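**Student:** Can you read through this structure? Questions will come right after.
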């Protein structure tokens, strides 16, 4: 099989209109893409399988929530303050780079140039006569720089230099834990390794934070600030009470959303892998924090996954460990059963749609890249020509989201479960004397009351001690409005009391698998692409039948009118069978028509020829092997139906039915 050629694949994807830059006739806008008929069909099939694999099989509750989100919601969730990346600028041209991507691009280019330089040196030692060819590999480093920076205006990134063993090791160590670095650490790396702009070789500025959300306003006055949502999750959290009621007040349960999200990427490159508008599929699985077992974990505990743990990354290594998920949970590599169960379900989904098993791994987040509230987080990473790409995140978000929204809105986003036996607990109880409290604070009464009711038990006890210790019997607090208010014992009482409880009330924890469908789609196209042996111009996309944009090609041998009635009857029957099919009755040779539909990933073809008109038999062709069988029309349609439904395989069919010679016009045309 020929070496993978990304440019050749991208040319095919453009030619067959899988996707293209948006607003192309106006010059396009970086990070925005339109999907064509084939891309739409491919994404729709992936989405349909996702819904079947997760929503239907796991009995999830699907939502479709608003894209436009009030600023207050995203301020509460932390996105307004923390949803950002670090960027640097070329000091002369003003070109902008995402800081961690710049560091990665330059260091990887230097490592590649090291390999080239070392190869040159060894070849000169072993074969001095070839010294004149030593400059030939230079283009490899240039290609690496161009891959990282696209324009390649100047060979500024990676001159052909052999690195010392110490520097080589240091570069690999940095790359292995690059996701663990913040702005100050990235600045240090840029200075220490003299990292410059990819396109020009100019110095870059210090890293600054850039919020990735698209800001807007809601309504004609412009006074209600909003954002295009950066994720679909917040709508699910805000509808938690309704979801809980719909599920008869029982947990665990999961909600799911498929929809658009928006992120104003700093410097979108790498096609569909880094875009500003994309489709997400997210699950929020609500679970008891004291019981994160899963009732179906036993079904998957034997499934082996390839893990890259945080510990391994911090050691400067990137080797994976293959381990059954049951063992990974038992050893606490993966925090709990529910998280482990979803890692397996993610793996099963990706393999089903055609991702190469050997190019899939699960990488654990390191401490600096994981949110402070998260218990554990893993990314399903898929290897592409751009390197390892995060396509699915799976995090245990603890109770953070529901807790912050409950605190802000004063809604009780909790679950109550009956206790098998009543329990008696010591609690700290705040009692406000409304008769005195209201007249004392007047309009500010609600602000002060809100401040007090949000205090934790230790804070209430501290307030009680401060009131008791005060010489004046008063204590001043600063409420959420920034104003100072004096409290005294006549306004409130704080006591430790015993309470008998028949129910346990808690805020659920959330396990969140989050899928970037565009990234998965692109990775799938890379994994499915290959070229016919001996003909590098004949590309093939070997999509599994379940996701192929078209399941079947219908083509007459030529554009002779004699084939028309049979082709029309055949396509009508395929529509009735709900088999997506495409008719190619152009004047091109049959070989060329087969070839261009191989580029669309169409797994099967039905060919109508002169013999078909005579005896009602047709040929059925399989894409990857190009093998064909000829059988009566009704037999072929039944076989095709079973192939599309994955009730049989081509291998099974060839054992039952004899192969026939390919069409006389050949597939070499």
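The values are calculated or read from the model by the stated rules, or taken from the named source; none is laboratory data. Please read these numbers as outputs of a predicted model, since none were measured by experiment. Cβ sites come from the backbone with ideal geometry, for glycine too, and all protein chains shown count toward neighbours.
**Student:** Does region 204-226 include one or more residues that are surrounded by fewer than 18 Cβ atoms within 10 Å (Cβ to Cβ) and at pLDDT 95 or above?
**Tutor:** No: region 204-226 contains no residue that is surrounded by fewer than 18 Cβ atoms within 10 Å (Cβ to Cβ) and at pLDDT 95 or above.
Each row is one residue, and each column tells you yes or no for (1) in the same structural domain as residue 288 (by TED's automatic domain parsing); (2) under 27 Å from residue 47 (Cβ atoms); (3) in contact with a strand residue (DSSP E or B) (Cβ under 9 Å, 6 or more places away or on another chain); (4) surrounded by 16 or more Cβ atoms within 10 Å (Cβ to Cβ).
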site	(1), (2), (3), (4)
354	yes, yes, no, yes
361	yes, yes, yes, yes
366	yes, no, no, yes
377	yes, yes, yes, yes
389	yes, yes, yes, yes
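**Student:** Does residue 237 meet the test of being farther than 30 Å from residue 163 by Cα and either free of Cβ contacts under 8 Å to residues at least 40 places away in the same chain or surrounded by fewer than 16 Cβ atoms within 10 Å (Cβ to Cβ) (or both)? Give the derivation first.
**Tutor:** Values: farther than 30 Å from residue 163 by Cα: yes; either free of Cβ contacts under 8 Å to residues at least 40 places away in the same chain or surrounded by fewer than 16 Cβ atoms within 10 Å (Cβ to Cβ) (or both): no.
So residue 237 fails the test.
**Student:** Suppose the filter is in a loop (DSSP other than H, G, I, E, B) and surrounded by fewer than 19 Cβ atoms within 10 Å (Cβ to Cβ); does residue 495 pass it? Lay out the reasoning, then the answer.
**Tutor:** Values: in a loop (DSSP other than H, G, I, E, B): no; surrounded by fewer than 19 Cβ atoms within 10 Å (Cβ to Cβ): yes.
Against the criterion (in a loop (DSSP other than H, G, I, E, B) and surrounded by fewer than 19 Cβ atoms within 10 Å (Cβ to Cβ)), residue 495 does not qualify.
**Student:** Answer yes or no as to whether residue 197 is surrounded by fewer than 16 Cβ atoms within 10 Å (Cβ to Cβ), modelled with pLDDT under 95 and touching a strand residue (DSSP E or B) at 6+ places or on another chain (Cβ under 8 Å).
**Tutor:** No, not satisfied.
**Student:** Pick out the one residue from 418, 439 that is more than 30 Å from residue 527 (Cα to Cα) and either part of a strand (DSSP E or B) or assigned by TED's automatic domain parsing to the domain that holds residue 235 (or both). It would help to see each step written out before you state the result.
**Tutor:** On the way: 439 fails: either part of a strand (DSSP E or B) or assigned by TED's automatic domain parsing to the domain that holds residue 235 (or both).
Within the list 418, 439, the selection yields 418.
**Student:** Within the bounds of region 15-25, is there any residue that is surrounded by fewer than 19 Cβ atoms within 10 Å (Cβ to Cβ) and touching a residue at least 60 places away in the same chain (Cβ under 8 Å)?
**Tutor:** yes
**Student:** Follow-up question, since we're still on this one. Output the number of residues of region 452-473 satisfying the condition of being loosely packed, with under 14 Cβ neighbours inside 10 Å and in a loop (DSSP other than H, G, I, E, B).
**Tutor:** Number satisfying all stated conditions: 5.
**Student:** Something else about it: If you go through region 302-339, how many residues are over 22 Å from residue 368 (Cα atoms) and part of a helix (DSSP H, G or I)?
**Tutor:** Residues flagged as over 22 Å from residue 368 (Cα atoms) and part of a helix (DSSP H, G or I) within region 302-339 amount to 8.
**Student:** Return the total of residues in region 248-302 being closer than 16 Å to residue 62 by Cα, within 15 Å of the chain's Cα centre (by Cα) and surrounded by 18 or more Cβ atoms within 10 Å (Cβ to Cβ).
**Tutor:** Number of matching residues: 9.
**Student:** Return only the number of the condition from (1) touching a helix residue (DSSP H, G or I) at 6+ places or on another chain (Cβ under 9 Å); (2) more than 25 Å from residue 47 (Cα to Cα); (3) modelled with pLDDT of 95 or more that residue 255 does not satisfy.
**Tutor:** Condition (2) is where residue 255 drops out.
**Student:** Among (1) in contact with a strand residue (DSSP E or B) (Cβ under 6 Å, 6 or more places away or on another chain); (2) in the same structural domain as residue 309 (by TED's automatic domain parsing), which single condition is residue 424 missing?
**Tutor:** Status for residue 424: all satisfied but (2).
**Student:** So which of 653, 590 ends up being over 17 Å from residue 553 (Cα atoms) and surrounded by 17 or more Cβ atoms within 10 Å (Cβ to Cβ)?
**Tutor:** The match here is 653.
**Student:** Residue 549: surrounded by 21 or more Cβ atoms within 10 Å (Cβ to Cβ) and in a strand (DSSP E or B), yes or no?
**Tutor:** Values: surrounded by 21 or more Cβ atoms within 10 Å (Cβ to Cβ): yes; in a strand (DSSP E or B): no.
So residue 549 fails the test.
**Student:** Can I ask one more? Residues in region 164-178 that are surrounded by 14 or more Cβ atoms within 10 Å (Cβ to Cβ) and in contact (Cβ under 8 Å) with a residue 60 or more places away in the chain: how many?
**Tutor:** First pass over region 164-178, keeping only residues surrounded by 14 or more Cβ atoms within 10 Å (Cβ to Cβ): 167-168, 170-178.
Applying the additional criterion that residues be in contact (Cβ under 8 Å) with a residue 60 or more places away in the chain yields 171-178.
Of the residues in that region, 8 qualify.
**Student:** Criterion first (out of contact with any helix residue (DSSP H, G or I) (no Cβ under 8 Å at 6 or more places or on another chain) and without any contact (Cβ under 8 Å) to a residue 12 or more places away in the chain) does residue 322 satisfy it? Step through it out loud before you land on a result.
**Tutor:** Details: out of contact with any helix residue (DSSP H, G or I) (no Cβ under 8 Å at 6 or more places or on another chain): yes; without any contact (Cβ under 8 Å) to a residue 12 or more places away in the chain: no.
Judged against the criteria, residue 322 is not a match.
**Student:** Shifting gears a bit: Could you count how many residues in region 610-649 are assigned to a loop (DSSP other than H, G, I, E, B) and surrounded by 22 or more Cβ atoms within 10 Å (Cβ to Cβ)? Quick ask: steps written out before the conclusion?
**Tutor:** Of all residues in region 610-649, those assigned to a loop (DSSP other than H, G, I, E, B) come to 616, 623-627, 645-649.
Narrowing the set further to residues that are surrounded by 22 or more Cβ atoms within 10 Å (Cβ to Cβ) leaves 623.
Qualifying residue count for the region: 1.
Table: residues versus (1) touching a residue at least 12 places away in the same chain (Cβ under 8 Å); (2) in contact with a helix residue (DSSP H, G or I) (Cβ under 7 Å, 6 or more places away or on another chain); (3) surrounded by 14 or more Cβ atoms within 10 Å (Cβ to Cβ).
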residue: 502; (1), (2), (3): yes, no, no
residue: 505; (1), (2), (3): yes, no, no
residue: 510; (1), (2), (3): yes, yes, yes
residue: 514; (1), (2), (3): yes, no, yes
residue: 523; (1), (2), (3): yes, no, yes
residue: 527; (1), (2), (3): yes, yes, yes
residue: 536; (1), (2), (3): yes, no, no
residue: 540; (1), (2), (3): yes, yes, yes
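**Student:** While we're on this one: Can you find a residue in region 433-448 that is touching a strand residue (DSSP E or B) at 6+ places or on another chain (Cβ under 6 Å) and surrounded by fewer than 18 Cβ atoms within 10 Å (Cβ to Cβ)?
**Tutor:** As a first pass, look at region 433-448 and keep what is touching a strand residue (DSSP E or B) at 6+ places or on another chain (Cβ under 6 Å): 448.
Going one step further and asking which of them are surrounded by fewer than 18 Cβ atoms within 10 Å (Cβ to Cβ), we end up with none.
Within region 433-448 (the criterion being touching a strand residue (DSSP E or B) at 6+ places or on another chain (Cβ under 6 Å) and surrounded by fewer than 18 Cβ atoms within 10 Å (Cβ to Cβ)), the answer is no, since none of the residues qualifies.
**Student:** Can I ask one more? Among the candidates 425, 449, 381, 390, which residue alone is at pLDDT below 90 and assigned to a strand (DSSP E or B)?
**Tutor:** Working: 449 fails: assigned to a strand (DSSP E or B); 381 fails: at pLDDT below 90; 390 fails: at pLDDT below 90.
None of the others qualify; the one that does is 425.
**Student:** Still on this model: Please indicate, with yes or no, whether at least one residue in region 396-415 is assigned to a strand (DSSP E or B) and without any contact (Cβ under 8 Å) to a residue 60 or more places away in the chain.
**Tutor:** Keep residues of region 396-415 that are assigned to a strand (DSSP E or B), which gives 396, 415.
Subset that is without any contact (Cβ under 8 Å) to a residue 60 or more places away in the chain: none.
No, because not a single residue in region 396-415 is assigned to a strand (DSSP E or B) and without any contact (Cβ under 8 Å) to a residue 60 or more places away in the chain.
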